[in-house]
Amino acid sequence: MAKTSASKVEEHVLGIMDPNSLSFRASLEKLLAHLSPEIKHGGKTHKVGTRRISCRPYMTLGARTECSAIVNRGAHWNPHHNSFFQIVAPTVYLLNDMTSFKAIDKNTGYGHMYDLGLHIPRTVAIPQRDYDDLKKSSTIDLELTFSEFEMFSLEEIGEEVGYPAFIKPQDGGGWVGVKRVENFAELQAAYDESGARPQNLQQAIDYTEFVRTVAIGPQAMPMHYNAKAEHPHHRYLRGPGEAVVFNWLTAEQEWEVKAISKIINAFYGWDHNSCETLIGHDGVIYPIDFCNAYPDSNLTSLHFYFPDLVKAMVKWLLFVSVSGYRKPHGFSYHWDRFFKVRDDANSKKWSYKKRIQEYEAIADDHFHTKKFEEFCKKDLGGADFDRRCLEWFESDDFDEVLVAQVKQFFKFPHEWDQQNMHYRGIHAFWCHCERQRLGLNGQG
Ligand SMILES: Nc1ncnc2c1ncn2[C@@H]1O[C@H](COP(=O)(O)OP(=O)(O)O)[C@@H](O)[C@H]1O
Ligand SMILES: [Mg+2]
């Protein structure tokens with residue numbers, strides 16, 4: 001909770017919890033310490049600091065937090081955190097809250113977004129292959145369980161979806177259990193190996209561009225993604241010997257992938273999420289993976305894009321804290337509005353573009369996009385904020401984060417020097433581009 005003194009200074013604490021990526025957590029804390037924000041807004045001066053949310057005992061009854069916003073990137077594996085966050089959620093801006101992410105998996109997302117009219121590839125949900133865990137259960141009666149299943153023909157499902165196709169867990173993540181199949185024999189073999197997780201069979205999209213958009217609040221950042229890269233930490237690099245390219249999307253494509261990300265996030269009340277879209281040879285943009293409660297936010301994966309991601313999170317945290325905005329209770333809060341647009345779009349035969357624009361307007365309303373942009377320009381000081389951030393990204397303090405992250409990610413000490421050089425090189429390129437963008441080149 002923010003504290004106000006008689007001199008109209010309001011103090012805010014941002015709670016940071018991210019056991020998944022050292023560099024993201026450390027950068028948020030250190031950049032905010034460097035900025036030490038004193039923001040003039042609504043007739044007050046707002047001072048903002050951070051606090052690490054650690055795992056500790058708390059009185060459940062009447063639990064409260066002093067934080068005005070909390071970054072939660074770990075409650076999925078720690079129920080102790082999860083229940084605390086759920087209790088305090090009505091009094092704090094919580095990003096992300098697990099209610100929606102526990103309820104909405106990849107497969108639910110496909111169904112809802114298809115309903116809204118997005119271009120989801122043909123996808124059939126298939127019950128799990130193995131029931132070994134159920135056989136071990138003392139509370140489940142197998143005879144009753146199996147009477148709830150119908151026989152089905154995998155071959156017919158394969159024909160319905162068409163080949164090539166991808167078989168993947170309905171609640172998947174991190175490429176685990178994802179296989180491309182070219183024919184029924186491969187599908188059968190993959191399904192036989194798929195274990196106890198319900199699967200999806202999805203039409204494979206032959207694409208010209210793979211776009212991964214990470215969005216934080218209304219800020220959506222499309223990044224090129226190289227799914228063919230051998231190592232996951234090289235996937236945001238354009239290709240061998242080429243870290244990054246610019247203007248690789250048309251203005252129309254860029255608008256659409258950004259709009260889709262915002263729409264999905266507003267629909268489910270998510271603040272930080274990644275949305276993978278494939279631009280098909282037919283020019284159609286297909287979302288294929290967009291329910292990611294803890295999108296990869298590590299420096300070692302994001303390379304060039306890392307500073308902008310950190311800055312986006314800092315801006316969003318400052319905005320929601322200082323403005324006092326809270327999210328609506330209940331993640332389906334806007335569904336009636338979305339479905340009204342869908343019904344109008346269907347009955348009045350709107351173009352796809354108009355449909356997306358109308359959904360986007362709801363998303364911008366949800367995220368207070370105009371107010372946020374004004375806040376960044378006026379209250380944060382626009383380019384001045386960018387310059388202060390650049391100062392930190394060029395500092396030894398940031399370099400220490402980089403080195404610590406490399407050390408943590410690459411397990412073999414003999415790799416560290418070379419990896420430090422690699423990441424420092426790309427980061428220096430980002431700093432150069434940022435200097436150029438801010439008109440600072442030539443100034444040291
Ligand atoms: N329908 C599809 N068309 C083309 N490639 C796909 C499709 N589905 C998955 N893939 C490929 O498989 C990878 C992993 O699948 P994805 O749905 O993103 O699962 P995960 O949640 O495990 O990341 C994707 O990054 C992409 O390279
Ligand atoms: Mg994916």
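The values are calculated or read from the model by the stated rules, or taken from the named source; none is laboratory data. In this text the structure is predicted, and so the values were computed from the model without any measurement. A quick note on method: Cβ atoms are made from the backbone with ideal geometry, for glycine too, and the neighbour counts reach across all protein chains shown.
Name the residue that is surrounded by the most Cβ atoms within 10 Å (Cβ to Cβ), counting only residues in the stretch 275-293 that are within 12 Å of ligand 2 (Cβ to nearest atom) and more than 18 Å from F331 (Cβ to Cβ).
Once the filter is applied, the top-ranked residue is T277.
Please pick out the residue among D364, D386, D344, D379 that is of a type in the set (D, E, K, R) and without any contact (Cβ under 8 Å) to a residue 40 or more places away in the chain.
Step by step, each of D364, D386, D344, D379 is checked, and only D344 is of a type in the set (D, E, K, R) and without any contact (Cβ under 8 Å) to a residue 40 or more places away in the chain.
Within the stretch 169-189, track down each residue that is among the small types (G, A, S) and within 13 Å of ligand 1 (Cβ to nearest atom).
Once the filter is applied, which keeps residues that are among the small types (G, A, S) and within 13 Å of ligand 1 (Cβ to nearest atom), the stretch 169-189 yields G172, G173, G174, G177.
For the stretch 38-60, what are the residues that are within 11 Å of L14 (Cβ to Cβ) and either of a type in the set (V, I, T) or in contact with a His (Cβ under 7 Å, 6 or more places away or on another chain) (or both)?
Passing the criteria: V48, T50, I53.
Residues of the stretch 152-180 being closer than 19 Å to I120 by Cβ and in a strand (DSSP E or B), which ones?
A165, F166, I167, K168, P169, R180, listed by residue number.
Show the residue pairs meeting these rules: Cβ distance below 8 Å; 6+ apart or different chains; first residue within the stretch 238-250 and without any contact (Cβ under 8 Å) to a residue 60 or more places away in the chain; second residue surrounded by fewer than 10 Cβ atoms within 10 Å (Cβ to Cβ) and β-branched (V, I, T).
Short answer, once both residue conditions are applied: R238/V245.
Can you find even one residue in the stretch 341-349 that is outside the structural domain of T45 (by TED's automatic domain parsing) and farther than 30 Å from G117 by Cβ?
No, because not a single residue in the stretch 341-349 is outside the structural domain of T45 (by TED's automatic domain parsing) and farther than 30 Å from G117 by Cβ.
Being free of Cβ contacts under 8 Å to residues at least 40 places away in the same chain and either within 16 Å of ligand 2 (Cβ to nearest atom) or closer than 19 Å to G174 by Cα (or both) narrows it down to one residue among H234, H272, H303; which is it?
Only one candidate passes the filter, namely H234.
So for the stretch 205-226 (the condition being modelled with pLDDT of 95 or more, within 23 Å of F290 (Cα to Cα), of a type in the set (G, A, S) and in contact with a Leu (Cβ under 9 Å, 6 or more places away or on another chain)), does at least one residue qualify?
Yes, the stretch 205-226 contains a residue that is modelled with pLDDT of 95 or more, within 23 Å of F290 (Cα to Cα), of a type in the set (G, A, S) and in contact with a Leu (Cβ under 9 Å, 6 or more places away or on another chain).
Is there a residue being part of a strand (DSSP E or B) and modelled with pLDDT of 95 or more anywhere in the stretch 97-112?
Looking for residues that are part of a strand (DSSP E or B) and modelled with pLDDT of 95 or more, one finds none in the stretch 97-112, hence no.
One line per residue, one yes/no per condition, for (1) in contact (Cβ under 8 Å) with a residue 12 or more places away in the chain; (2) closer than 25 Å to Y333 by Cα; (3) assigned by TED's automatic domain parsing to the domain that holds I356; (4) among the polar types (S, T, N, Q):
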{"residue": "V48", "(1), (2), (3), (4)": "yes, no, no, no"}
{"residue": "R52", "(1), (2), (3), (4)": "yes, no, no, no"}
{"residue": "H76", "(1), (2), (3), (4)": "yes, yes, no, no"}
{"residue": "V88", "(1), (2), (3), (4)": "yes, yes, no, no"}
{"residue": "T91", "(1), (2), (3), (4)": "yes, yes, no, yes"}
{"residue": "L95", "(1), (2), (3), (4)": "yes, yes, no, no"}
{"residue": "G111", "(1), (2), (3), (4)": "no, yes, no, no"}
{"residue": "Q128", "(1), (2), (3), (4)": "yes, no, no, yes"}
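Does the stretch 199-220 contain at least one residue that is in a loop (DSSP other than H, G, I, E, B), surrounded by fewer than 19 Cβ atoms within 10 Å (Cβ to Cβ) and more than 16 Å from ligand 1 (Cβ to nearest atom)?
No; the residues of the stretch 199-220 include none that is in a loop (DSSP other than H, G, I, E, B), surrounded by fewer than 19 Cβ atoms within 10 Å (Cβ to Cβ) and more than 16 Å from ligand 1 (Cβ to nearest atom).
Do we have any residue at all in the stretch 255-263 that's within 16 Å of ligand 2 (Cβ to nearest atom), among the polar types (S, T, N, Q) and part of a strand (DSSP E or B)?
Checked the stretch 255-263: no residue is within 16 Å of ligand 2 (Cβ to nearest atom), among the polar types (S, T, N, Q) and part of a strand (DSSP E or B).
Free of Cβ contacts under 8 Å to residues at least 60 places away in the same chain and more than 30 Å from G49 (Cα to Cα) - does that describe any residue in the stretch 287-297?
No, the stretch 287-297 has no match at all.
Answer yes or no as to whether G117 is at pLDDT 90 or above and at positive phi.
yes
Out of the residues in the stretch 120-146 that are at pLDDT 90 or above and either in a helix (DSSP H, G or I) or hydrophobic (A, V, I, L, M, F, W, C) (or both), which is farthest from the chain's Cα centre (by Cα)?
I126
Which residue is modelled with the lowest pLDDT, if the candidates are limited to the stretch 273-314 and must be among the aromatic types (F, W, Y) and within 13 Å of ligand 1 (Cβ to nearest atom)?
Among those that are among the aromatic types (F, W, Y) and within 13 Å of ligand 1 (Cβ to nearest atom), it is Y294.
Just name the residue that is farthest from F101 (Cα to Cα) out of those in the stretch 166-185 that are away from ligand 2 (no atom under 16 Å from the Cβ) and out of contact with any Gly (no Cβ under 9 Å at 6 or more places or on another chain).
Only one residue fits best here, namely A185.
Looking at the stretch 98-153, which of its residues are surrounded by 16 or more Cβ atoms within 10 Å (Cβ to Cβ) and over 30 Å from N72 (Cβ atoms)?
G117, H119, P121, V124, I126, R129, Y131
Could you look through the stretch 67-83, keep only residues that are closer than 22 Å to L28 by Cα and over 20 Å from the mean Cα position of the chain (by Cα), and pick out the one that is surrounded by the most Cβ atoms within 10 Å (Cβ to Cβ)?
S68
Which residue pairs have Cβ atoms closer than 9 Å, lie 6 or more positions apart in sequence or on different chains, and pair a first residue in the stretch 192-209 that is hydroxyl-bearing (S, T, Y) with a second residue that is in a loop (DSSP other than H, G, I, E, B)?
Going by the 9 Å Cβ cut-off, the qualifying pairs are S194/Q128; S194/R129; S194/D130; S194/G177; Y207/H281; T208/H281; T208/G283.
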